[in-house]
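Throughout, read-outs are computed from the coordinates displayed, never taken from laboratory work. Bear in mind that the values here come from a model prediction, so they are computed numbers and not experimental data. Here the Cβ is made from the backbone with ideal geometry for all residues, glycine too, and neighbour counts use every protein chain on show.
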């Protein structure tokens, strides 16, 4: 059974993705028409939409951070591509590179200036360092779970259960677990800030039209991965039910 936070966030995410689909359609329309003011307006709408996601996520994670390390609202395909509760920031630079090498008419990122390329590369190096810092912090949190103090607490709780249990040991374990959860919440917010910093850094370098094309491509990838993932999950569970119920 899903927790209250999982149910609440699943409902939010379903609506958020629906709104992203609507914004994507507007982005694609704007990218065809090319009005500069409309581009800036769409970029602002997309960035606001993403900020709403992280605001809601952080509030929900404060209640149950573990839900975001094993999200029930994502398909198995989406979960397979998660990096510390979300998308890996460096993926954005691979996306820009792919768009730069695109050879279809109207590919705005194909005309990036040398200065833009230099700034994007400098941002990439900076974000890579931020990613490594997050990975070190995540490793530190994982190592802390197996330190001598935690092992001793686990041993004491097991002995206490055999002897009827003690409130003191249970209280100590609860405090230790709360500390670990707070550490995971810290890592999650740390990497989310890197994601937001990556988006802001990209949008600061690109022109309004290039921003639209970049955001449209990113949104399309997210949307398509969700659709494919849900379709594959449905086939998987339908086949599983069939195998379980078939008779010989």
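Brief remarks on what is shown
- Mean shadow area of the range 1-78 over all directions, Cα convex hull, nm²: 5.9
- Likely footprinting exposure, 30, 191, fewest C-beta neighbours within 10 Å first: 30, 191
- Label separation (residue 227 vs residue 190): 3.7 nm, computed from points 7 Å beyond Cα along the C-beta direction.
- Taking the square roots of 5 times each eigenvalue of the Cα gyration tensor of the range 83-145, largest first, gives ellipsoid semi-axes of 32, 13, 5 Å.
- Note on residue 63 and residue 129: with the Förster distance fixed at 30 Å, the Cβ-Cβ geometry gives a FRET efficiency of about 0.45.
- Take the Cα of residue 44, step 7 Å toward its Cβ, do the same at residue 81, and the gap between the two points is 3.0 nm.
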